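Student: Quick one: the structure is below, and I'll ask about it shortly.
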Amino acid sequence: MLLIDGKYKPVAQMLFSSGSCPRCVLRFCCVDSTAPYRLPYKDLVCELQNYLEMNHEDIADLVGGPPCKRAKLEETAKCTGDRESINSPEPEHGDDSQSPRTCNLCLGVLQHLCEVESVKKIFEKVKNAGYEFKDFVFSVSLPAQLSVREHSAWLQAKQEMGKHGYCLEKAAIIQLKEAYKWIIHPLISEEFGVQALSKSVFEVAVVFAHPETDSDCHFLASACKDCFKQTKNKQSVFTRMAVLKALDKIKEEDFRVLFPYPLQCPETVCQLVDIQCSHSSVFVAGIYNKYSRTLPQTPWVIDGERKMESSVEELITDHLMAVFKAESFNFSSSGREDVDVRTLGKGRPFAIELVNPHRVEVSLQHMKELQQKINNSDKIKVRDLQIVNREAVGHMKEGEEEKTKCYSALIWTEKAVREEDLKLLDSMEELKIDQKTPLRVLHRRPLALRPRIIHTMKTEYMDEHHFRLYLKTQAGTYIKEFVHGDFGRTKPNIGSILQTTADILELDVESVDIDWPPALDD
Ligand code: ZN
């Protein structure tokens, strides 16, 4: 059953006789049931011919001649209904003489490219890419000129319908992409052994091209100049979006003149030029401690030259990348410490986005083993290593300013200090300070004056020139500058409070106040 509403019959006849394939005929007859599209191609041709010939006298009237009668039903695959086409030589598809003429609307997409051979080709490529997936979304990129041809056929079909008092909305026509998916989804799902869904974390994208008809779009560039702007990264100005915009703008009468109907059937079939696979990112979070004073958080490179051998980021991600087989990664953390600062205590939360991972099913046990491997390094330790979702990573960055952080610093003073001098620091609470962007980060951060709060301080006297200072501060406070004053750019500072010159010899982060990611059982 073709399920074509009787009112569309003139359109069916018009398209079929001008070289459009039966599936495109169904589309323009607004058949929105998947079954007819999935009929074997030959059966579909037969059915459509029968349907049209049943009332061939009416049709003869409408198209100005008898419909295709010379084609016998057993030869129907060869016949597209155009009287002339039967005698015209068959285009080369490398197949056999049974190949139908290439459709002037879908350029063969609904004829040759939804056959099992195409599906097998796609499957091979996806299989070789080596991804782990439970289902997938199948996306299709079609050449832009298909929209031009479709527009032309729609104007003609609309006129045809109008003669009989009907209208034809462009939106009611079934999109080529849609019809293609209706046909190919069951085939491809069967071949893959998993379902093609409308949404999935794994995407298989196929790209079609048809060089023979690329120039179909060209007249639009002069007709709608402002729709086609040359951009640096796009190879062609005739993007699908630009073409659709131009089609929306151009006047019907202008279009009809510049791109007259009927449409030529091309010699060649649309080609599958690319098959791309991609998996949405996987996020791994954890908490790290850093025990080295010669290890930067991220690779330290100045003018293309590496300054330190490794980094926290690399010590963690090298292992993750090997397991998840990702294409790239993005490392983020709740704040960061300088290369010479250790992160002790509860440690610092971090999250890593693994972009386009090939492997995603990693068990809790495996994550534990992975953590163990990372922890073989004596420079860092991680805990609570786990897979989290994208939203959870957002929590890590939220309200960073309000968080508190605890530090321990070894301080040197120029002037000799007594234990009781330090009591002044112990007694201070919620000390407000103003920090100008430190000189040492001014090359990468904008100059700003930021108020910060030192919640509490606790001192531990060592000798007359040294003491240990434990601080609890608002996140984002520059501790080194709070100690030495950064040439008066941080006010007040430890030096100014103690009325001496002070410097910081060692700094450790004791804790970062954030309960994320959740603790895991050992
Ligand atoms: Zn077609």
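The values are calculated or read from the model by the stated rules, or taken from the named source; none is laboratory data. Every value quoted in this text rests on a predicted model; they were computed, and no experiment measured them. Virtual Cβ from ideal backbone geometry, glycine too; neighbours counted across all protein chains shown. Just so you know, the surface numbers come from the protein's heavy atoms only, side chains and all, with ligands and any DNA or RNA stripped out. Shrake-Rupley method; radii C 1.70, N 1.55, O 1.52, S 1.80 Å.
Student: What aspartates and glutamates could a cross-link reach from K373, if we take a straight Cα to Cα line under 16 Å and drop same-chain neighbours fewer than 8 places away?
Tutor: Here the aspartates and glutamates satisfying the reach criterion relative to K373 are E313, E314, D318, D384, D522.
Student: Let me ask you something else. Roughly how tilted is helix 145-163, in degrees to the nearest 10 and between 0 and 90, from the longest Cα axis of the chain?
Tutor: Between helix and principal axis, roughly 50 degrees.
Student: Starting from the eigenvalues of the Cα gyration tensor, five times each then square-rooted, give me the equivalent ellipsoid semi-axes of region 478-522, largest first, whole Å. Walk me through the numbers on the way to the answer.
Tutor: On the way: eigenvalues 224, 23, 12 Å².
After diagonalising the Cα gyration tensor, the semi-axes are 33, 11, 8 Å.
Student: Please report, largest first and rounded to whole Å, the three semi-axes of the ellipsoid equivalent to region 181-284, where each semi-axis is the square root of five times an eigenvalue of the C-alpha gyration tensor. All intermediate terms of the calculation are to be shown ahead of the outcome.
Tutor: Working: eigenvalues 228, 77, 35 Å².
They are 34, 20, 13 Å, listed from largest to smallest.
Student: To continue, here is another question. Placing unit charges on C-beta atoms (Lys and Arg positive, Asp and Glu negative, everything else neutral), compute the dipole magnitude of region 283-341 about its Cα centre in debye, rounded to 20. Please report the intermediate quantities before stating the final value.
Tutor: Details: 6 positive and 10 negative charges, 35 e Å.
Once rounded to the nearest 20, the dipole reads 160 debye.
Student: Per-residue HN-Hα couplings for region 269-277, Karplus 6.51 cos²θ - 1.76 cosθ + 1.60 at θ = phi - 60°, whole Hz, x for Gly and Pro?
Tutor: 9, 3, 10, 7, 9, 7, 10, 10, 10
Student: Considering only I411, Y461, H395, whose Cα is most displaced toward the positive end of the charge dipole of region 370-508, charges sitting on Cβ of Lys, Arg (+1) and Asp, Glu (-1)?
Tutor: H395
Student: Follow-up question, since we're still on this one. Distances over 40 Å make up what percent of all Cα-Cα pairs in the chain?
Tutor: Considering the chain, 49 percent of its Cα-Cα pairs are separated by more than 40 Å.
Student: Note down the relative contact order for the chain as a percent, whole number, built from C-alpha pairs under 8 angstrom at least six residues apart. Let's see the in-between values first.
Tutor: Working: 936 pairs, mean separation 65.4, N = 522.
Computed value for the chain: 13 percent relative contact order.
Student: Follow-up. Roughly how many whole Å is it from the C-alpha centroid of region 285-314 to that of region 210-263?
Tutor: Region 285-314 and region 210-263 have Cα centres separated by 51 Å.
Student: Quick one: of K290/K405; K403/K491; K42/K199; K177/K229; K9/K249, which pairs are farther than 24 Å apart, Cα to Cα? Kindly include the intermediate steps, with their values, before the conclusion.
Tutor: On the way: K290/K405 16 Å; K403/K491 21 Å; K42/K199 32 Å; K177/K229 26 Å; K9/K249 29 Å.
Distance filter (> 24 Å) returns K42/K199; K177/K229; K9/K249.
Student: Right, something else. Counting only heavy atoms of the protein chains, get the accessible area per residue of region 273-412 (1.4 Å probe) and round it to a whole Å² value.
Tutor: Numbers: 6470 Å² over 140 residues.
Accessible area per residue, region 273-412: 46 Å².
Student: Translational diffusion coefficient of region 403-512 at 25 °C, 0.890 mPa s, Stokes-Einstein with Kirkwood Rh over Cα pairs, in µm²/s as a whole number. Kindly include the intermediate steps, with their values, before the conclusion.
Tutor: Details: Rh = 13.9 Å.
For the chosen part, D equals 176 µm²/s.
Student: Express as a percent, rounded to the nearest 5, the fraction of DSSP beta bridges in the chain (both residues included) that run antiparallel. Intermediate results must be reported in sequence, preceding the final value.
Tutor: Details: 66 of 77 bridges.
Restricted to the chain, the bridges split so that about 85 percent are antiparallel.
Student: Of V237, T437, Q145, whose Cα points farthest to the positive end of the dipole of the chain (charges on the beta-carbon: +1 Lys, Arg; -1 Asp, Glu; origin at the Cα centre)?
Tutor: The residue sitting most towards the positive pole is T437.
Student: On average, how much area does the Cα convex hull of region 114-218 cover when viewed from any direction, in nm²? Each step should come with its number before you reach the end.
Tutor: Numbers: hull surface 34.1 nm².
If I average the Cα hull's projected area over directions, I get 8.5 nm².
Student: Just tell me the longest site-free run in the chain, where the sites are chymotrypsin sites (Phe, Trp or Tyr not before Pro) in a DSSP loop having at most 15 other beta-carbon atoms within 10 Å.
Tutor: Working: sites that count: Y166, Y291, W300, F487.
No qualifying site falls inside 301-486, the longest such stretch.
Student: About its Cα centre, how strong a charge dipole does the chain have in debye, to the nearest 20, once Lys and Arg get +1 and Asp and Glu get -1 at the Cβ?
Tutor: On the way: 68 positive and 79 negative charges, 178 e Å.
Around 860 debye, computed over the chain.
Student: Also, quick follow-up: Each residue of region 329-339 in order: what ³J(HN,Hα) in whole Hz does its phi give by Karplus 6.51 cos²θ - 1.76 cosθ + 1.60, θ = phi - 60°, with x for Gly and Pro?
Tutor: 8, 10, 9, 9, 8, 7, x, 8, 10, 5, 4
Student: Roughly how many debye, to the nearest 20, is the charge dipole of region 403-512 about its Cα centre, given +1 on each Lys and Arg Cβ, -1 on each Asp and Glu Cβ, and no other charges?
Tutor: Working: 18 positive and 17 negative charges, 169 e Å.
Approximately 820 debye in magnitude.
Student: Quick check: the angle from helix 312-324's long axis to the longest principal axis of the chain, C-alpha only, nearest 10 degrees?
Tutor: Its long axis makes an angle of about 30 degrees.
Student: Kindly express, to the nearest 10 degrees and within the range 0 to 90, the angle between helix 116-129's C-alpha long axis and the longest C-alpha principal axis of the chain.
Tutor: 10 degrees
Student: If you don't mind, there's one more thing I want to ask. I'd like the carbon and sulfur percentage of the solvent accessible area for the chain, probe radius 1.4 Å, heavy atoms only, ligands and nucleic acids excluded. Walk me through the numbers before you get to the answer.
Tutor: Working: 13030 of 26010 Å².
Roughly 50 percent, rounded to a whole number.
Student: Summing -39500 (n - 2.57) over the DSSP H runs of n ≥ 4 in the chain and dividing by its residue number, what mean residue ellipticity at 222 nm do you reach, to the nearest 500 deg cm²/dmol? Display every interim value, and only then the final one.
Tutor: Working: 18 runs with 170 residues, N = 522.
Calculated from helices alone, the mean residue ellipticity at 222 nm is -9500 deg cm²/dmol.
Student: Classify region 281-401 as rounded, prolate or oblate from the Cα gyration tensor: take a ≥ b ≥ c as the square roots of its eigenvalues, call it rounded if a/c is under 1.5, otherwise prolate when a/b beats b/c and oblate if not.
Tutor: On the way: a/c = 1.42, a/b = 1.32, b/c = 1.07.
The shape class here is rounded.
Student: Lys/Arg Cβ at +1, Asp/Glu Cβ at -1, dipole of region 252-323 taken about the Cα centre: which of Q297, S280, C270 is farthest positive-ward?
Tutor: Q297
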